[in-house]
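One structure is given here, and the rest of the page talks about it.
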Amino acid sequence: MTEVYCGHCGRELTDGDHDRCRQALALEPPRYCAECRRRMVVQVHPMGWSARCSVHGELASH
């Protein structure tokens, strides 16, 4: 997987500083696909979370 976009804000990783985004992603699921920038369907449950991109599939917390 080649990450081009920020999973938190959706901007390109080369577009500015994403320190706050990385801090937020340590506590919450990504909202944008890091490959195509599509908004993902996110589900939070007691044991973690899952996020699904319509093109690139599903991510889940471990």
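Pairs are defined by a Cβ separation below 9 Å, a sequence spacing of at least 6 or placement on different chains, a first member in region 1-18 that is under 9 Å from Y32 (Cβ atoms), and a second member that is of a type in the set (D, E); the pairs so defined are Y5/E12; Y5/E35; C6/E12; C6/D15; H8/E28. When region 22-49 is filtered for residues that are over 10 Å from the mean Cα position of the chain (by Cα) and either assigned to a loop (DSSP other than H, G, I, E, B) or more than 11 Å from G7 (Cβ to Cβ) (or both), the ones remaining, listed by number, are Q23, A26, L27, C36, V41, Q43, V44, H45, P46, M47, G48, W49. Considering region 5-30, and only residues there that are aliphatic (A, V, I, L, M) and exposed (fewer than 13 other Cβ atoms within 10 Å of the Cβ), the residue that is farthest from P46 (Cα to Cα) turns out to be A26.
Every number here is computed from the coordinates shown, using simple stated rules; none is lab data. Bear in mind that the values here come from a model prediction, so they are computed numbers and not experimental data. Note that each Cβ is placed from the backbone with ideal geometry, even for glycine, and that neighbours are counted across all protein chains shown.
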